[in-house]
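The values are calculated or read from the model by the stated rules, or taken from the named source; none is laboratory data. Keep in mind that this is a model prediction, so the values were computed, not measured. Reconstructed Cβ throughout: ideal geometry from the backbone, glycine too, with neighbour counts over all protein chains shown. To get the accessible areas, we keep the full protein, side chains included, count just its heavy atoms, and leave off ligands, DNA and RNA. Shrake-Rupley method; radii C 1.70, N 1.55, O 1.52, S 1.80 Å.
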Amino acid sequence: MKKWWWLVLLVLLPALGHADNGFPAVTMTPADDGSEEYSVSLQILLLMTALSFLPALLIMVTSFTRIIVVLAILRQAIGLQQTPSNQILVGIALFLTFFIMSPVIEQTYEQAVKPYIDEQITLQQAYDIGEKPFKDFMLSQTRIKDIDMFASIAGIDSIDSIEQTPMRILIPAFITSELKTAFQIGFMLFLPFLVLDLVVASILMAMGMMMLSPMIVSLPFKIMLFVLVDGWNLVMGTLATSFGVGT
């Protein structure tokens, strides 16, 4: 245990020496417009801290929620409990999310991230510019009713224009709309498999085979139906076009 303490001290001693010499780890410089600009080291610290919220941001402001919910409902509708596995479903949802969000990500990089890296704009300006593409994407997928509900809960009587919706209202409204849309798509996917289950159950009941589970008999037919109609192509295409991709 003592060896670990010595190792920590050896790592920290150079940093402490620089601190004694006035190393500018955290500095704030007043800007011309009255705001404050933070030093690069502090910005890096804030960026590393923000990375811990990356999974939540991926779910909250992208198409990931709708895709993963639809895929989970589809697996349940077919009757396959563990196939495809959760890792495969999450992988499919991630790459399909990157495909759908690529125009938004490219616009954010060109307009906000790249100018900030080139030191052409400040961190606050980069955030304000980079927020707009994601905000436009969420507004195009969010129902007005959901925005009004969260605005009412937040005590905001009226919003001058839909583009001026604060992010603290837009994000929960976007998630609510995405869940509703995902369940609507999932319901449409569930119907043909449910009809097939009912047909198989009726046939087994008429044959007097009440002890045999209809799920066991209908499962191969549902898989065959899904393959014959090229189900994965239809599902992926429907999910992509539901966000306006390719239209």
Which members of the stretch 119-133 meet the condition of being under 19 Å from the mean Cα position of the chain (by Cα) and either farther than 24 Å from GLU163 by Cα or open to solvent by less than 80 Å² (accessible area, probe 1.4 Å) (or both)? GLY130, GLU131, PRO133
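Taking the residues in the stretch 189-203 that are of a type in the set (A, V, I, L, M) and over 28 Å from the mean Cα position of the chain (by Cα) as candidates, determine which candidate is least open to solvent (accessible area, probe 1.4 Å).
Looking at residues that are of a type in the set (A, V, I, L, M) and over 28 Å from the mean Cα position of the chain (by Cα), I get VAL200.
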Yes or no: SER152 exposed (fewer than 14 other Cβ atoms within 10 Å of the Cβ), under 16 Å from the mean Cα position of the chain (by Cα) and part of a helix (DSSP H, G or I)? no
Give the residue, chosen from ALA93, ALA19, ALA50, that is out of contact with any Ser or Thr (no Cβ under 7 Å at 6 or more places or on another chain), modelled with pLDDT of 75 or more and not β-branched (Val, Ile, Thr). ALA93
Pair list, Cβ < 7 Å and 6+ apart or interchain, from the stretch 203-220 residues that are touching a residue at least 40 places away in the same chain (Cβ under 8 Å) and within 23 Å of LEU80 (Cβ to Cβ) to residues that are open to solvent by less than 100 Å² (accessible area, probe 1.4 Å) and in a helix (DSSP H, G or I): SER218/LEU196; SER218/ASP197; SER218/VAL200
Going by the conditions given, is GLY186 out of contact with any strand residue (DSSP E or B) (no Cβ under 6 Å at 6 or more places or on another chain), at positive phi and either small (Gly, Ala, Ser) or surrounded by 13 or more Cβ atoms within 10 Å (Cβ to Cβ) (or both)? no
Looking at this structure, is MET236 out of contact with any Cys (no Cβ under 8 Å at 6 or more places or on another chain), over 30 Å from ILE129 (Cβ atoms) and open to solvent by 70 Å² or more (accessible area, probe 1.4 Å)? no
So the check is Cβ under 7 Å with 6+ separation or different chains; which pairs have a first residue in the stretch 74-92 that's in contact (Cβ under 8 Å) with a residue 60 or more places away in the chain and a second one that's exposed (fewer than 14 other Cβ atoms within 10 Å of the Cβ)? GLY79/MET215
If I ask for residues that are in contact with an Asp or Glu (Cβ under 9 Å, 6 or more places away or on another chain) and either within 24 Å of VAL70 (Cβ to Cβ) or among the charged types (D, E, K, R) (or both), which ones from the stretch 185-230 would you list? MET215, SER218, LYS222
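For every residue, the table says whether it meets (1) of a type in the set (Val, Ile, Thr); (2) exposed (fewer than 15 other Cβ atoms within 10 Å of the Cβ); (3) under 17 Å from TRP232 (Cα atoms); (4) within 16 Å of the chain's Cα centre (by Cα).
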{"site": "LEU57", "(1), (2), (3), (4)": "no, yes, no, yes"}
{"site": "THR62", "(1), (2), (3), (4)": "yes, no, no, yes"}
{"site": "ARG66", "(1), (2), (3), (4)": "no, no, yes, yes"}
{"site": "ILE78", "(1), (2), (3), (4)": "yes, no, yes, no"}
{"site": "THR83", "(1), (2), (3), (4)": "yes, yes, yes, no"}
{"site": "ALA93", "(1), (2), (3), (4)": "no, no, yes, yes"}
{"site": "PHE98", "(1), (2), (3), (4)": "no, yes, no, yes"}
{"site": "ALA112", "(1), (2), (3), (4)": "no, no, no, no"}
{"site": "ILE117", "(1), (2), (3), (4)": "yes, yes, no, no"}
Go through the stretch 221-233 and count every residue that is open to solvent by 60 Å² or more (accessible area, probe 1.4 Å) and touching a residue at least 12 places away in the same chain (Cβ under 8 Å). 3
Residue count, the stretch 206-247, condition small (Gly, Ala, Ser) and under 21 Å from the mean Cα position of the chain (by Cα), comes to 5
